[in-house]
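Q: Attaching a single structure in C-alpha cells format; questions to follow.
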Amino acid sequence: MAAFLDLGWLVVLLPMLLAVVVALFGRVLGRFTPAVAILAPLWVLAYGVLSLVEGLHDAPRSGSVEWLTVGAADSLTVGWAVDGLTAVMLVVVGLVAALVVLFSVGYMHGENGLPRYFASLCLFTAAMSMLVVADGLVGLFIGWELVGACSYLLIGFWFTRPAAAKAAVKAFLTTRVGDVGLLLALALLWREVGDLSYAGLFAAAPSLAPATVTGASLLLLVGAIGKSAQFPLQIWLPDAMEGPTPVSALIHAATMVAAGVFLIARTWPLFSLSPDALAMTLAVGGLTAIGAAAAALVQTDIKKVLAYSTISQLGFMFAALGVGAWGAAVFHLVTHAAFKALLFLGSGSVIHGSGTQELEEMGGLFRKMPVTGVTWLIGAGALAGLPPLAGFFSKDEILHDVALAEPVWAILLFGASLMTAFYVARTTRLAFFDAYRGDGHPHEGGWSMRLPLIALATLAAAVGFAGAWLAETIGAHHGSLDLRVAAASTLLAVLGLLAGWKVAGAGHPGLKQPRLAALADLMRQGWGADRLVERVLLAPVASASQFLYRFVDRQAVDGIAEGTAPFARRVGRAFSSLQSGDAQWYATMLGAGAVALLAVVSYIGRGL
C-alpha cells in the first residue's frame, strides 16, 4: 500500500491517459467505452480511500519537480501532497464521478458523440484531482483552468443547440473573471514571498505586511467567487443547466463549484490572517445564500430549482468560512456533494422518464417511479435539514458557528433555511404527487440509473454522522450539536415544508396580483442579474467598441494605412514632372542644389 500511495502523480496522469484512450478509440470500444471511462474515477476513489485508511494527518505524502527557473536562484515547482483534506476531496471527486459515469450509461444511451462525452468526464476527473493534490498554487491553478475548460466542453456537449453553446461560453467567460483574481493573487504572493508552495507561503504568512495579506486573500476570494458561483458572479450556473443532467450532478453540484470553498480552506493559514477578507467572505456568503434561495422559490424548471439551491448552499459554506469555521464549511461541502448529486441525478431520472424538465408538466411520478421517488425524498429531506439526515448536521453546525460570531448574518441564514424547505416541498409535490399533468408515459430508468441513486441516498442519510471523524481527519474544529439551534432549524424546516406543500397544491393564487406576479418574475430571472450585467457592463462595452471600431479603427488607423498608397502616387506624380529630358533644366537644378547645399554647410559651420 505504501508503494502505491507514493505514486501520487498517477492520480492525475492515469485519468488523463484514459481520457486520451477514450477520445481516440471510443468508437472502437463501442459499448465498452463507459467501462473504460469509469476506471478513471475509480482509481481516484481508491487512492483517496487508501490514503484515509493509512492516515495522513500527521505525515502527508508528497513529491515535486522543478517546472520553471527564474533567474539564477528562483524556480517554480509543481508537486503533489496528500493530507487529510486532500484525501477527503479525492474520495468525493472519485465517488461522485464514478456514479455519474454509471448513471450516464442509461441517461445518455443513444446520444451521438459519447466518446467525446466520456473522454471529457475522464479529463475533468484528472483536472479536479490535480487541483486537489497540488502542493502549491501553481499546480492548483493549472488544475483550476483545466476544470474550467472541461466545464465548457461538458456544458456545451449539445453544441448544436444555441442555448447550450451560449451557456458554455457564458460559464467560461464568467469564471474567467474570477480566475484573473486568482492569477493576480499568485503574482502578488510570488513577488512578496518568492515561493508559491503551500509550505513556503504558510511559513512566510505571519511576517507579511497586513496590506499584502489582505490583498492576496481578497484576490483569492475573487477566484473562489467565480468558480463557486457566488454573488456577483453567480449568473453562469443557472444557464449551465443546458448541459446533460449527469454533468450538472458532477460539476455543478458536487465538485467544480466546491473548488472555491476548497481553495479558501486549503489556504486557510494565510486567509485567516485577514479580518477584512473574512468579513467580505461572510457578506458574500450570506447575501448569496438568501438571494439564491429566494430565486429558487418560484422556478418552474426542476433543474433551475436545484441550480439556485446549489448557489444558496455554497453561500452557507462561504458564510462559515467568513466566521472562521472552515471545518464546518468542508463538512457541508461533503454532505452537500452527496444529497445534491442525488437530487440532480434524481431530476435526471425524472427528465429521462417523463420527457420534460417543467414541473407543471409532471405530477404523480412517485407511483410510476418509486425508486426515484424514495431516493428523492431522502435527498430532499437532507437538503431541507431534517434530522437525522446529512444536511441537518452540517447546516446546523454552520448556523451555530455563525450565530456565535455574527448573529445578524445568522438570521439571514435561518431565513434561507426556511426558504430552502419551502422550495424543496413545492418541487417535490409538483413533481411526485397529485395527478399527472403531462402527456407522456413516465417510467423508471434501468439499473445503471437506479444504483447511483440508491448509493447516494445511503450517503445522504448516513454521512452526517461522520462530522467528528471528518474534522479530526482534516485537522479542523468540530463543535457539539447545539440543541437550541437544532430545534430552531428543525422547526423552520417543518414550517417551510408545510408552507411549500400547501402553496404547490394551491397553484399560486396570490401570484395573480400584478405586483406579486412581477416580483415572482424578477425572482425567476435571478433578480434580473443578467439584465443588470447587460445594461451596466455589456452595453457600455459594446458601445465603446463600436465607437473605437468606427472612428479609431476604420477612420484613423485604416485611414492612415489605406491612404499611404494614394499619397505615394500623388508625390510620385509631382516629382515625375521634374523628369522633362531637358539638359539645361537638369543643369539649373544641379546648380541650385549645389548652392543650397553649400549654404547649409556654411550655416552649420558658423556655429562650430
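Q: So which lysines pass the test for residue 340, namely a Cα distance under 17 Å, with those fewer than 8 places away in the same chain ruled out?
A: Within the straight-line cut-off, residue 340 pairs with 303, 304, 395.
Q: Once the whole set of protein chains is in place, how much accessible area is left on residue 547, using a 1.4 Å probe, in Å² to the nearest 10?
A: Per-residue accessible area (residue 547): approximately 110 Å².
Q: So for each of 283-293, 94-104 I average, over its residues, the number of other beta carbons within 10 Å; can you give me the resulting order with the highest mean first?
A: Packing proxy ranking, top to bottom: 94-104, 283-293.
Q: Rank 478, 332 by accessible area, highest first, at a 1.4 Å probe radius?
A: Numbers: 478 70, 332 0 Å².
Greatest to least solvent exposure: 478, 332.
Q: Pairs of Cα atoms under 8 Å, at least six residues apart: use those to get the relative contact order of the chain, whole percent.
A: Averaging sequence separation for qualifying contacts and normalising by length gives 12 percent for the chain.
Q: What does the C-alpha gyration tensor say about the overall shape of the stretch 560-608? Classify as rounded when a/c is under 1.5, otherwise prolate if a/b is larger than b/c, or oblate.
A: oblate
Q: Follow-up question, since we're still on this one. Would you mind computing, in nm to one decimal, how far apart the modelled labels at residue 488 and residue 543 are, each placed 7 Å from Cα along Cα→Cβ?
A: For the pair residue 488/residue 543, the computed spacing is 4.7 nm.
Q: What is the gain in length, in nm to one decimal, between residue 555 and residue 367 on full extension, counting 0.36 nm per residue of separation less the C-alpha to C-alpha distance?
A: Here the segment from residue 555 to residue 367 would lengthen by 60.8 nm.
Q: Could you rank 228, 576 by how accessible they are, 1.4 Å probe, largest area first?
A: Details: 228 0, 576 65 Å².
I get 576, 228, largest accessible area first.
Q: Could you tell me which label, among [x] 26.4; [y] 29.9; [z] 28.7, carries the value of Kirkwood radius over Cα pairs in Å calculated for this structure?
A: Comparing each candidate, only [x] matches the computed number.
Q: Please work out the average accessible area per residue across the stretch 328-419, using the 1.4 Å probe convention, and give it in Å².
A: Working: 2530 Å² over 92 residues.
Ligands and nucleic acids excluded, the figure is 28 Å² per residue.
Q: Next question. Which helices, counted as full DSSP H runs in the chain, have an axial Cα extent of no less than 27 Å and a Kyte-Doolittle average of 0.5 or above?
A: What comes out of the filter, once short or polar helices are dropped, is 84-107, 114-133, 162-193, 275-296, 302-322, 326-354, 407-432, 483-506, 583-606.
Q: For residue 586, what accessible surface area do you get with a 1.4 Å probe? Give it in Å², rounded to 10.
A: It works out to around 90 Å².
Q: Specify the inter-centroid distance of the stretch 323-354 and the stretch 245-315, based on alpha-carbon positions, in whole Å.
A: Centre-to-centre distance over Cα atoms comes out at 12 Å.
Q: When the chain is fully extended, how far beyond the present Cα-Cα distance does residue 435 get from residue 576, taking 0.36 nm per residue of separation?
A: Extending this stretch completely gives an extra 41.5 nm.
Q: Right, another one. Express in whole angstrom the spacing between the alpha-carbon centres of the stretch 542-608 and the stretch 172-221.
A: Cα centres, the stretch 542-608 to the stretch 172-221: 55 Å.
Q: Still on this structure, I have one more. Using a 1.4 Å probe and counting only protein heavy atoms, arrange 447, 158, 144 so the residue with the most accessible area comes first.
A: The most accessible residue leads, giving 447, 158, 144.
Q: Using alpha-carbon positions, what is the distance between the centroids of the stretch 390-417 and the stretch 423-461, in Å?
A: So the two Cα centres are separated by 29 Å.
The values are calculated or read from the model by the stated rules, or taken from the named source; none is laboratory data. Keep in mind the model is a prediction, meaning the values are calculated, not measured. With ideal geometry, Cβ positions are generated from the backbone for all residues, glycine too; neighbour counts draw on all protein chains shown. Ligands, DNA and RNA are stripped out before the accessible areas are found, and what is left, the full protein with its side chains, is counted by its heavy atoms. Shrake-Rupley method; radii C 1.70, N 1.55, O 1.52, S 1.80 Å.
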